[in-house]
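Colleague: Just passing along the structure, written as structure tokens.
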Amino acid sequence: MNPLESLRLSWRSIRGHKLRSALTTLGIVIGIAAVIAFVTLGASLQAGIIGDISPDDRRNVYGWAADPDTEGGPLAGAQPVFTPDDLESVAAQPDVAAAYGYATIQTQAISNGNETVAQGNGLIATGPSYIREGRLAEGRQFERGEREAVVNPAAANQFEENVTLGDELTVTILGGERTTLEVVGITDTSEGQSPFEGFESSPRIYVPTDPYYAEQAAGLGIGGGSDGSDGGNDTGAGGENGTGIGDARFLAIIIEADSAAQSDIDAARESAIAYLESDRSDASELLGDDLEVTFQTSTELLQQLQDVLALLRNFIVGIAAISLLVGSIGIANIMLVSVTERTREIGIMKAVGAQNRDVLGLFLTEAVILGVIGAILGTGLGLLGGYLGAQYIDLPLVYPLEYVALAIGVGILVGILAGLYPAWRAARTDPIDALRYE
Amino acid sequence: MARETAVSLENVRKTYRIGEPVHALDGVSLAVSRGSYTAIMGPSGSGKSTLMNLVGCLDTPTAGEVVVGGRPVGELGDRERTRLRGTEVGFVFQTFNLMPRLNALENVALPQLFQGIDRAERRERARDLLERVGLGDRADHLPNELSGGQRQRVALARALVNDPAIVLADEPSGNLDTDTEADILDLFDEFHAAGTTMLVVTHERHVADRADRIVHLLDGNIERIEDLERGDESESAVDPGRGTETTSDADADAETGSPTGRREADSE
């Protein structure tokens, strides 16, 4: 019998039991929708994170000193050990193109003219090249030693009157002291510029370590010497040779390799670690036996997060797969009932010349139709669910098309597997018994 | 009879083994020539159904040979037997056995579907047959929208669709009232007159009387064969003690029956 005819005949019997067929399909719909929705969300989440690693970030290596047993993401358990001298020296090492510190400055509030907004983690003190040229929408990088800042759009737009280049902002540091800064640049996105910040969108203000972190360090007594903080106020000259911020110690260090090539990155990393762990560095005094310097690229740092995401996704897909299994058992069950119920019809068909393979084909087609309809509806529902989810969590929507194809494939497969035994039973029905069957 | 043989049974034995072996057919020989009209009568358990199953290629004999459309059924594999059943045999059942979700036209066309015949051609043939059984206007009705007599007409049309060597009817009027029964049997006569080979299993004498001859089965053997057309009777005699009743009510049906000289014969 030609496949089109089987399809026509099978479709007829599916339509003959609309409610039953719909309920049978529902199991598959839910299973596949769940798989696709979660996989879409997972892929979108991943894209949201990975999309933030810009090409020019790939030559950056992020370092901090922590107990090697500490688990967690970037900066977990980090101790402030790197002095400005260390930074300079690391920058001078072979294979290291540049090195600068990184620290966050706790703030209370930020004012633009008369308007003040509360902001906790607002200031990020780092080197000028931390904000790469390519990520500036307007203006320029801040300069070391100047009271200048680059803000991101979220920070700029949080005031009623948007911050523009040249505006002066007043920042109230956690301790209560106030300091001012001039906005010289605005970034293109509000997402984090490096794994140290996290990648979520939030208001951020980037300032030079000197003078801001120096003052902060002095105020909180981080890393010792308070005399350095005054030097910071003297601007320019002090900043350039590093003496201005005294021995403020940085929690983190960012080095740039000569290129994004893995060999260059490894070379830069080795050379930086070699220096920092040697007696020549200031950091080594504090490293002792407990702390170890870790240098990782964004990709490496994200790998951990991705591993967790992948684990979570597999877990959810596993649950969804169970629902698919239940769905396929549903199809098998209904098909078995259907075969029993239509024993007489099978007898008739065989009496008028239906071959075993015709009967097998009919029932298999029916199961596959149910599976495919379930897969298609499930895919639609899953894509919609993924879309709404991504919209809700504000992620870039990424449809993992190979999974959609897989889901439809699975639907067909489930139909075949679930239909195989019932169809085989139908095919080997003895027409003599079947015709007598009431 | 010089006519070609549509179905022949040669010393056919069918034994079921359910504990003790049961001989449903115990050495039956019978030839059904093309264009003939044969009735098979017998009490239940006499082997009627088994004979039907064998002739209908639904079953294979334990011993002996069943030849349908020139092919030995017992030597064929399931697939070949199914093909033979589809092309050479047309079934008419007591309970009609139409596909409930297919309309009259599709039911009639069903056997051709399994022969891989093109849809348009199938429908044309089915429509033609529906016209011939007087249901041209009911082609798109589902079986449950048809009366019993109409359903049996659909079934007859379906049985004829592949132009089979033989039409097997199993108590074709068993579920019909008297008038409808007469209509269906008239239709049988009509197709028989047009050349169709008929084999009707029945336990009703007046139904059997429509045939050219009646084969009486008893305990798996042919008890005797009544030849209504030519009037003589050949016995394969097993139990001469058991005669047959009949005559009176058979005469009543004579208007529709076969032509001349119909004579009922007693074995005594």
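Colleague: Of the conditions (1) modelled with pLDDT of 85 or more; (2) in contact with a strand residue (DSSP E or B) (Cβ under 7 Å, 6 or more places away or on another chain); (3) closer than 27 Å to A:S281 by Cα, A:V150 satisfies every one except a single condition; which number is it?
Modeller: For A:V150, the failing item is (3).
Colleague: Now a separate question. State all residues of the stretch B:38-77 that are of a type in the set (V, I, T), within 16 Å of the chain's Cα centre (by Cα) and more than 11 Å from B:S8 (Cα to Cα); if no residue qualifies, say none.
Modeller: Residues satisfying the conditions are B:T38, B:I40, B:T50.
Colleague: Restricting attention to the stretch A:339-356, and to residues there that are more than 8 Å from every other protein chain (Cβ to nearest Cβ) and in contact with a helix residue (DSSP H, G or I) (Cβ under 7 Å, 6 or more places away or on another chain), which single residue is surrounded by the fewest Cβ atoms within 10 Å (Cβ to Cβ)?
Modeller: Top of the filtered list is A:T343.
Colleague: Working only within the stretch B:178-202, note down all residues that are surrounded by fewer than 21 Cβ atoms within 10 Å (Cβ to Cβ), part of a loop (DSSP other than H, G, I, E, B) and either touching a helix residue (DSSP H, G or I) at 6+ places or on another chain (Cβ under 8 Å) or at positive phi (or both).
Modeller: B:G195
Colleague: Collect the residues in the stretch A:247-261 that are farther than 20 Å from A:P74 by Cα and either assigned to a helix (DSSP H, G or I) or of a type in the set (D, E) (or both), keeping them in residue-number order.
Modeller: Those that are farther than 20 Å from A:P74 by Cα and either assigned to a helix (DSSP H, G or I) or of a type in the set (D, E) (or both): A:D247, A:D258.
Colleague: Further question: Would it be correct to say that A:I334 is more than 14 Å from chain B (Cβ to nearest Cβ), within 21 Å of A:G16 (Cβ to Cβ), of a type in the set (A, V, I, L, M, F, W, C) and surrounded by 23 or more Cβ atoms within 10 Å (Cβ to Cβ)?
Modeller: yes
Colleague: Give A:G113, A:G145, A:G139 a once-over and let me know the one that is in contact with a helix residue (DSSP H, G or I) (Cβ under 6 Å, 6 or more places away or on another chain) and at positive phi.
Modeller: Sole residue among the options that is in contact with a helix residue (DSSP H, G or I) (Cβ under 6 Å, 6 or more places away or on another chain) and at positive phi: A:G145.
Colleague: Could you identify the single residue in A:I186, A:I173 that is among the aliphatic types (A, V, I, L, M), under 27 Å from the mean Cα position of the chain (by Cα) and either closer than 25 Å to A:A78 by Cα or in the same structural domain as A:A149 (by TED's automatic domain parsing) (or both)?
Modeller: Numbers: A:I173 fails: under 27 Å from the mean Cα position of the chain (by Cα).
Matching residue, one of A:I186, A:I173: A:I186.
Colleague: Can you pull out every residue in the stretch B:167-176 that is buried (at least 24 other Cβ atoms within 10 Å of the Cβ) and within 14 Å of chain A (Cβ to nearest Cβ)? Quick ask: steps written out before the conclusion?
Modeller: Of the stretch B:167-176, the ones buried (at least 24 other Cβ atoms within 10 Å of the Cβ) are B:168-169, B:172-173.
B:L168, B:A169, listed by residue number.
Colleague: Turning to a different aspect of this structure: Please state which one of B:R151, B:R158, B:R101 is more than 30 Å from B:M41 (Cβ to Cβ), crowded, with 17+ Cβ neighbours inside 10 Å and of a type in the set (D, E, K, R).
Modeller: Of the residues listed, the single one that is more than 30 Å from B:M41 (Cβ to Cβ), crowded, with 17+ Cβ neighbours inside 10 Å and of a type in the set (D, E, K, R) is B:R101.
Colleague: Name the single residue, out of those in the stretch B:82-99 being in a loop (DSSP other than H, G, I, E, B) and touching a helix residue (DSSP H, G or I) at 6+ places or on another chain (Cβ under 6 Å), that is farthest from the other protein chains (Cβ to nearest Cβ). Break it down into steps so the answer makes sense when it comes.
Modeller: Kept after step one, since they are in a loop (DSSP other than H, G, I, E, B), are these residues of the stretch B:82-99: B:93-99.
From what is left, the residues that are touching a helix residue (DSSP H, G or I) at 6+ places or on another chain (Cβ under 6 Å) are B:96-99.
On the way: B:F96: 10, B:N97: 5, B:L98: 7, B:M99: 6 Å.
The qualifying residue farthest from the other protein chains (Cβ to nearest Cβ) is B:F96.
Colleague: So which residues in the stretch B:115-135 are surrounded by fewer than 14 Cβ atoms within 10 Å (Cβ to Cβ) and away from chain A (no Cβ under 12 Å), if there are any at all?
Modeller: Once the filter is applied, which keeps residues that are surrounded by fewer than 14 Cβ atoms within 10 Å (Cβ to Cβ) and away from chain A (no Cβ under 12 Å), the stretch B:115-135 yields B:A120, B:E121, B:E124, B:D128, B:E131.
Colleague: Among the numbered criteria (1) within 25 Å of A:L181 (Cβ to Cβ); (2) among the β-branched types (V, I, T); (3) surrounded by fewer than 20 Cβ atoms within 10 Å (Cβ to Cβ), which single criterion is violated by A:T70?
Modeller: (1)
Colleague: Could you check the stretch A:392-438 and list, in sequence order, the residues that are of a type in the set (K, R) and at pLDDT below 85?
Modeller: The initial filter retains those residues of the stretch A:392-438 that are of a type in the set (K, R), namely A:425, A:428, A:436.
Within the stretch A:392-438, just A:R436 meets the criteria.
Colleague: Further, regarding this structure: Any idea which of (1) farther than 18 Å from A:S21 by Cα; (2) without any contact (Cβ under 8 Å) to a residue 40 or more places away in the chain; (3) away from every other protein chain (no Cβ under 14 Å) is the one A:G385 doesn't satisfy?
Modeller: Unmet for A:G385, out of (1) farther than 18 Å from A:S21 by Cα; (2) without any contact (Cβ under 8 Å) to a residue 40 or more places away in the chain; (3) away from every other protein chain (no Cβ under 14 Å): (2).
Colleague: Residues of the stretch A:14-26 being small (G, A, S) and closer than 19 Å to A:I376 by Cβ, which ones?
Modeller: A:S21, A:A22
Colleague: If you don't mind, there's one more thing I want to ask. Residues to consider are A:Y206, A:Y213; find the one that is assigned to a strand (DSSP E or B), within 25 Å of A:T294 (Cβ to Cβ) and at pLDDT 75 or above.
Modeller: Numbers: A:Y213 fails: assigned to a strand (DSSP E or B).
Only one candidate qualifies: A:Y206.
Colleague: Right, next: Any idea which of (1) modelled with pLDDT of 90 or more; (2) within 13 Å of another protein chain (Cβ to nearest Cβ); (3) out of contact with any Cys (no Cβ under 9 Å at 6 or more places or on another chain) is the one B:S49 doesn't satisfy?
Modeller: Answer for B:S49: the failing condition is (1).
Colleague: Here's another thing I want to ask about it. For B:P72, work out the one condition from (1) at the interface with another protein chain (Cβ under 7 Å from one of its Cβ atoms); (2) under 30 Å from B:V215 (Cα atoms) it doesn't fulfil.
Modeller: (1)
Colleague: With the checklist (1) closer than 19 Å to B:V200 by Cβ; (2) outside any loop (DSSP other than H, G, I, E, B) in hand, flag the one item B:R79 doesn't pass.
Modeller: (1)
Colleague: Among the residues of the stretch A:1-56, how many are within 14 Å of another protein chain (Cβ to nearest Cβ), at pLDDT 85 or above and crowded, with 16+ Cβ neighbours inside 10 Å?
Modeller: 9
A quick yes/no check of all residues on (1) of a type outside the set (A, V, I, L, M); (2) surrounded by 23 or more Cβ atoms within 10 Å (Cβ to Cβ); (3) over 23 Å from A:L302 (Cβ atoms):
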{"residue": "A:T107", "(1), (2), (3)": "yes, no, yes"}
{"residue": "A:G113", "(1), (2), (3)": "yes, no, yes"}
{"residue": "A:F142", "(1), (2), (3)": "yes, yes, yes"}
{"residue": "A:R147", "(1), (2), (3)": "yes, no, yes"}
{"residue": "A:A154", "(1), (2), (3)": "no, no, no"}
{"residue": "A:T170", "(1), (2), (3)": "yes, no, yes"}
{"residue": "A:I205", "(1), (2), (3)": "no, yes, yes"}
{"residue": "A:P208", "(1), (2), (3)": "yes, yes, yes"}
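Colleague: Is it the case that some residue within the stretch B:28-44 is within 14 Å of chain A (Cβ to nearest Cβ), crowded, with 23+ Cβ neighbours inside 10 Å and at pLDDT 90 or above?
Modeller: no
The values are calculated or read from the model by the stated rules, or taken from the named source; none is laboratory data. As the structure is a computational prediction, the values presented were derived from the model and not from experiment. All Cβ positions, glycine included, derive from the backbone under ideal geometry; neighbour counts span all protein chains shown.
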